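To start, the structure under review is shown below, and the notes come after it.
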Amino acid sequence: MDGEVDLVEREQELATLRSAVAAGARAVVVTGPAGVGKSRLLREAVSAWAGAGGMSAWAGSRAMASPTAPVPFGVVDDLLLAAAGTDTGTADAGGYPHRQRLLALRQLPGPLIVEDLQWADADSLAVLVDLVRGDGPTLLASAREEPHRPLVAALAAFASTPRAETISLTGLSTGGVVALIEAIWGVAPPVRTALQVRRRTDGLPYWVEELARGTRTPADLTESALPGMASAALHVRVAEAGAGATEVAEVAAVLGERVDLALLLGVLDQPMTAVLPRLRRLVDAWVLTEVAADQFAFRHELTREAVAARVPQAQRRRWHAQAYAVVAAAGAGDARLAWHAAEAGRDADVVAPARRGAATLLAAGSGAEALRLAEMALAAGAEPAWPVHRIAAQAAYLAGWFDEAEPHVAAWREGARQAGQAGEAAEADCLRASLRWRSGDIAGQWEALQDALAQPGLAGPALAQVRAARSNALQRAERYEEAVTEAGLVLAAAGPADPARRAALISKGTAISGHRGLAVAAPDVAAQEALHRQGLALLEQAEQESEAAGDLLNLGRAINNSLGIRLFRLPAAEQWDEWTKTRARAERLGLHASLGKIVRHGIDLAVWTGEWERGWRAVIGRLPEEAEPVERVVLAAKAALLALEADHLAEATRLAERSTRAAAGMDQFWAVLYIALLEVAFAARTGTPALTTKALRRYRLAVSPEAHRKRGHRAWEAAEWALIGGVPPATVRAFLTATVPAGLPAICADEAELALAEAAGDDAAAIAAGDRLRNGASQVTAPYGAVSWGSALTQLGRSLLRTGRVEAAAACAEQACAVLANWPGHRLAAAQELRRAATGPTRRLTARERQVLDLIVAGLTNREIAERLGVAARTVAVHVSRVLAKTGSASRTELAVRQLRAGGG
């Protein structure tokens, strides 16, 4: 893709900047490292101003040839010249002193934009400080956060000025890197690739773009060098530090991202007195930074790469060989030994420390680093290879890189089988089953579990592991009684420290108390509550045992599954706090395989509480980083539905297309149903009733009757969208009868009856259903929380208004508007329309008069109204006269215009 791409992860900063300009702020300074996008943000901020005919003056600070030779008043003169369009002679510093320049700047239209303020001369900075402290146009500036004395003083002066702001930009998140590369390539890179690119670039957009535009594959993106000119630019600071410092920088760059002073001295074979001054120059030049006592790192990874790339390969190998000798003598850790041995080309010295280090890191929960070391051992020719593939498979799974785990699982299984290790082969099959599940391949999951059970001589802990995996699969398949039975067999046989025990506790607890678990089918509320407590106790026990054992995979399952049960049983005031704490904990512990599911709970909580923005931020922040195929489908679908709710149609389309592409070939019925639901929702919001009816038919045919029975509430979601899209209520009822012939779940039955009856004009039935909801005759008052309750109130209010119960309708409208206050889009608009109708001039109309009003607004004559209602034309004339009188309208035209302006037509 050529040309400039859209800004990524800068919405809040851009809004702040534009708001400051609109409010007449004295100054806004955007700070951050080179390549973070400061100048681009300034351009975007003033684009609306320029598009409206506003004027602005731009100047780029003139880079100094040396710190002692700036151009006096250079920046100010450039601003004046840009505003005048011709050379005004202001470049003569002697003839146009400070005060005259200041007065001239104050006469300019705003805003004034100065890029790279760190290069500005002291005279210009002094004028700009006085400009900001007094009257005049707004100053917008960008500056790197560097320790130049005039700049530091000027930034301090700006910060102390009222109505001046500083916006600090940092690098993009991993998700932001994914989004930026996707905008350039047209496809998203793998999450692991994005993580590596972010590490290389610190997430700085300029450097991410430089890499992405010069490459086309993930491997090139992580391994290729920067283009020549970009690489040369990174060498400038190193060169300025002097020849001796360049040698130190080259050794440090070759030895890795961080280097100890002792190792640096050992490889250089020079005394500290010779090396320290050169280190100091590199630190002062902002090339290196001391990250810990006697430990140094490059400020930017790309600078390190560019410096290391200039060192001949033979020299790099020699330095690594020297480093290996130094760290080996010092008893360094396995990871450092393996790294230096590999870079020195000493494969024989790589395998043992890499294998040990990978196992240690895996046990500590560092999946990404464990995978890197395991791959290093395999590249060096580890034999036998299958135990290392075992580590690599488990590490990739722990890191959430499921695609990368697949080939390692296959190699682990085959190697173990050939070695006669049936238990190992069965364990590999169990992991393969989980990978198949996460990829949307249910048949593949069961095939892998069958293969595991078929391993010869399976017994003891290995058999318990397979049974635990099977219990998990049964629970996922919603075969809860079987899942509990299988888990019971594991718990009876497994030892207290056996991972299979922890997995079985989770499966049993979830099968008992999950959203669709055994508790839901209990005969009464007391029995349901007892089962919920039992299931939660099992999950809490599994969580405690998993955390104590460092078992992050089972810990993630336990935390996620219990959250889904606990969250909606908490008081409303505590729900978001609980979700936020749980997500932060999962991120802190590195529970990558569970983060997408935890975010999914956050989206559901947003619907429950009516907090659209919170749900949107959660899903949009997670989606680019999500590596699990099924989770990508579900998160993208939920995000698309959120966008549709808020009428963000372009964003909804993009997300729906992403979800649909990702779902191709999957056989998990709920993933298939999400795609079918998206089609209904889009047809309802952007198409015709006829198209929506066709989409409903495809929804019904998308999965089996049994699958529809398990997701009856989702059939109602599709039906609700159809009603919103204008499909006749009778058609929607017929769809529901055919799709869920046993009837909708009790949790949404009254909500559905209210919506269907109100849409059909059966106000008595609608009010009866609404009263059941309000009086608690249903199982819950708000089946899906605030959003469904707000819509139900609006529907009930419309029926009340049509039957002349104006005050009750107004009360429903006010309550609906309050409930939906943080849920932008068509639902809030409908509630607000009801409030206008119930509190405006038409509130005193009878039901018949409202019908007449609607037909007047539709443009019908009295005769046509009489035919439509089946009454005499004289009767219609009487109704029209009363409507005009009650609304204070002088004519039918004035009445129609008023009603349309009020949103009632």
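The values are calculated or read from the model by the stated rules, or taken from the named source; none is laboratory data. The shown structure was predicted, so the numbers you read here are calculated from the model rather than taken from an experiment. For neighbour counting, all protein chains shown are included, and Cβ atoms are generated from backbone atoms with ideal geometry for every residue, glycine included.
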**Q.** Matching residues, the stretch 638-681, being β-branched (Val, Ile, Thr) and within 23 Å of Arg438 (Cα to Cα)
**A.** Thr660, Val672, Ile675
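What number of residues within the stretch 379-397 satisfy the criterion of being part of a helix (DSSP H, G or I) and either out of contact with any His (no Cβ under 7 Å at 6 or more places or on another chain) or of a type in the set (Gly, Ala, Ser) (or both)? Step through it out loud before you land on a result.
Within the stretch 379-397, the subset part of a helix (DSSP H, G or I) is 379, 386-397.
Narrowing further to those that are either out of contact with any His (no Cβ under 7 Å at 6 or more places or on another chain) or of a type in the set (Gly, Ala, Ser) (or both): 379, 386-388, 390-397.
Count: 12.
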Q: Determine if the stretch 464-478 includes at least one residue that is at pLDDT 95 or above and farther than 16 Å from Asn554 by Cβ.
A: yes
Q. Out of (1) in a helix (DSSP H, G or I); (2) touching a Gly at 6+ places or on another chain (Cβ under 6 Å), the odd one out for Gly203 is which?
A. (1)
Q) Filter the stretch 541-570 for residues that are assigned to a helix (DSSP H, G or I) and free of Cβ contacts under 8 Å to residues at least 24 places away in the same chain; which is nearest to Asp604 (Cα to Cα)? A) Glu543
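Name the residue that is modelled with the lowest pLDDT, counting only residues in the stretch 865-905 that are basic (Lys, Arg) and surrounded by 13 or more Cβ atoms within 10 Å (Cβ to Cβ). If you could, list the steps in order and put the result at the bottom.
Quick first cut of the stretch 865-905, residues basic (Lys, Arg) only: 868, 874, 882, 886, 892, 898, 901.
Still in the list and also surrounded by 13 or more Cβ atoms within 10 Å (Cβ to Cβ): 868, 882, 886, 892, 898.
Numbers: Arg868: 88, Arg882: 87, Lys886: 76, Arg892: 86, Arg898: 69.
Per the stated criteria, the residue is Arg898.
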Q) Conditions: (1) touching a Pro at 6+ places or on another chain (Cβ under 8 Å); (2) closer than 21 Å to Glu631 by Cβ. Trp446 meets all but one. Number of the miss? A) (1)
Q: Within the stretch 193-211, work out how many residues are buried (at least 23 other Cβ atoms within 10 Å of the Cβ) and either farther than 21 Å from Arg372 by Cβ or among the charged types (D, E, K, R) (or both).
A: 4
Q: Could you grab the pairs with beta carbons closer than 7 Å, sequence gap of 6+ or different chains, first residue in the stretch 657-678 and of a type in the set (Gly, Ala, Ser), second one part of a loop (DSSP other than H, G, I, E, B)?
A: Ala671/Gly440; Ala671/Ala663
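Assess whether Arg280 counts as being under 30 Å from Val178 (Cβ atoms) and either outside the structural domain of His340 (by TED's automatic domain parsing) or basic (Lys, Arg) (or both).
It is false that Arg280 is under 30 Å from Val178 (Cβ atoms) and either outside the structural domain of His340 (by TED's automatic domain parsing) or basic (Lys, Arg) (or both).
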(Q) So the check is Cβ under 7 Å with 6+ separation or different chains; which pairs have a first residue in the stretch 231-257 that's on the phi < 0 side of the Ramachandran plot and a second one that's modelled with pLDDT under 90 and aromatic (Phe, Trp, Tyr)? (A) Arg237/Trp286
Q. What helices (runs of 4 or more DSSP H) completely inside the stretch 229-317 contain at least 3 residues that are closer than 21 Å to Arg144 by Cβ?
A. 272-284, 301-309
(Q) Could you check the stretch 1-24 and list, in sequence order, the residues that are among the aliphatic types (A, V, I, L, M), assigned to a loop (DSSP other than H, G, I, E, B) and in contact with a Leu (Cβ under 9 Å, 6 or more places away or on another chain)? (A) Val5, Leu7, Val8
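Those residues that are aliphatic (A, V, I, L, M) and in contact (Cβ under 8 Å) with a residue 40 or more places away in the chain, I need them from the stretch 312-324; list them, please.
Quick first cut of the stretch 312-324, residues aliphatic (A, V, I, L, M) only: 314, 321, 323.
Once the filter is applied, which keeps residues that are aliphatic (A, V, I, L, M) and in contact (Cβ under 8 Å) with a residue 40 or more places away in the chain, the stretch 312-324 yields only Ala323.
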Q) Is the stretch 468-483 home to any residue that is in contact with a helix residue (DSSP H, G or I) (Cβ under 9 Å, 6 or more places away or on another chain), buried (at least 21 other Cβ atoms within 10 Å of the Cβ) and free of Cβ contacts under 8 Å to residues at least 24 places away in the same chain? A) yes
**Q.** Candidate set from the stretch 789-817 (those that are buried (at least 24 other Cβ atoms within 10 Å of the Cβ) and among the polar types (S, T, N, Q)); member that is nearest to Ala755 (Cα to Cα)
**A.** Gln795
Q: State all residues of the stretch 349-379 that are farther than 22 Å from Leu263 by Cβ, of a type in the set (Gly, Ala, Ser) and at pLDDT 95 or above; if no residue qualifies, say none.
A: Ala358, Ala359, Ala370, Ala374, Ala377, Ala379
Q) List, please: which pairs have Cβ atoms under 8 Å, are six or more places apart or on different chains, and start with a residue in the stretch 751-763 that is within 18 Å of Gly804 (Cα to Cα) and touching a residue at least 24 places away in the same chain (Cβ under 8 Å) and end with one that is surrounded by 21 or more Cβ atoms within 10 Å (Cβ to Cβ) and of a type in the set (Val, Ile, Thr)? A) Ala759/Val732
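Would you pick out the residues in the stretch 571-588 that are touching a residue at least 12 places away in the same chain (Cβ under 8 Å) and surrounded by 12 or more Cβ atoms within 10 Å (Cβ to Cβ)? Even if it seems obvious, please write down each step before you answer.
If we filter the stretch 571-588 for residues that are touching a residue at least 12 places away in the same chain (Cβ under 8 Å), which is where we start, we get 572, 575-576, 578-579, 582-583, 585-586.
Gln575, Trp576, Glu578, Trp579, Thr582, Arg583, Arg585, Ala586 - these are the residues of the stretch 571-588 that are touching a residue at least 12 places away in the same chain (Cβ under 8 Å) and surrounded by 12 or more Cβ atoms within 10 Å (Cβ to Cβ).
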Q.
Looking at Val852, Val857, Val897, can you tell me which residue is free of Cβ contacts under 8 Å to residues at least 12 places away in the same chain and among the aliphatic types (A, V, I, L, M)?
A. Val897
Q.
Could you check the stretch 278-311 and list, in sequence order, the residues that are over 27 Å from Pro205 (Cα atoms) and either without any contact (Cβ under 8 Å) to a residue 24 or more places away in the chain or in contact with a Ser or Thr (Cβ under 9 Å, 6 or more places away or on another chain) (or both)?
A. Arg278, Arg280, Ala292, Ala293
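Can you pull out the helices (runs of 4 or more DSSP H) entirely within the stretch 612-665 that have at least 1 residues that are more than 20 Å from Ala676 (Cα to Cα)? Before you say what the answer is, go through the steps one by one.
Values: elements: 612-622, 629-645, 649-662.
By residue number, 612-622.
Please specify each residue of the stretch 248-273 satisfying the condition of being of a type outside the set (Val, Ile, Thr) and within 20 Å of Gln313 (Cβ to Cβ).
Filtering the stretch 248-273 for residues of a type outside the set (Val, Ile, Thr) gives 249-250, 252-253, 255-258, 260-266, 268-272.
The answer is Ala249, Glu250, Ala252, Ala253, Leu255, Gly256, Glu257, Leu268.
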**Q.** Conditions (1) over 22 Å from Ala643 (Cβ atoms); (2) buried (at least 17 other Cβ atoms within 10 Å of the Cβ): number failed by Trp823
**A.** (1)
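Give me the strands (runs of 3 or more DSSP E) completely within the stretch 95-179, filtered to those with at least 3 residues that are among the hydrophobic types (A, V, I, L, M, F, W, C), in contact (Cβ under 8 Å) with a residue 24 or more places away in the chain and surrounded by 20 or more Cβ atoms within 10 Å (Cβ to Cβ), ordered by residue number. First the steps, then the outcome.
Numbers: elements: 112-115, 139-143, 164-168.
Fully inside the stretch 95-179 and qualifying: 112-115, 139-143.
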Q.
Quick check on my filter: what residues within the stretch 663-692 are farther than 23 Å from Ser788 by Cβ and of a type in the set (S, T, N, Q)?
A. Gln668, Thr688
Q: Would you mention how many residues in the stretch 545-560 are over 26 Å from the mean Cα position of the chain (by Cα) and farther than 17 Å from Ala363 by Cα?
A: 0
Q) So how many residues does the stretch 138-175 have that are touching a Pro at 6+ places or on another chain (Cβ under 6 Å) and closer than 22 Å to Gly24 by Cβ? A) 2
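Can you tell me which residue among Arg614, Arg654 is basic (Lys, Arg) and either modelled with pLDDT under 95 or at positive phi (or both)? Can you show your working first?
On the way: Arg614 fails: either modelled with pLDDT under 95 or at positive phi (or both).
After ruling out the rest, the residue left standing is Arg654.
Name the residues in the stretch 408-454 that are of a type outside the set (A, V, I, L, M) and not in a helix (DSSP H, G or I), would you? Quick ask: steps written out before the conclusion?
Our first condition is that a residue be of a type outside the set (A, V, I, L, M); within the stretch 408-454, this holds for 408, 412-415, 417-418, 420-421, 423-424, 427, 429-430, 432, 434, 436-441, 444-447, 450-451.
Scanning the stretch 408-454 gives Gly420, Gln421, Ser439, Gly440, Asp441.
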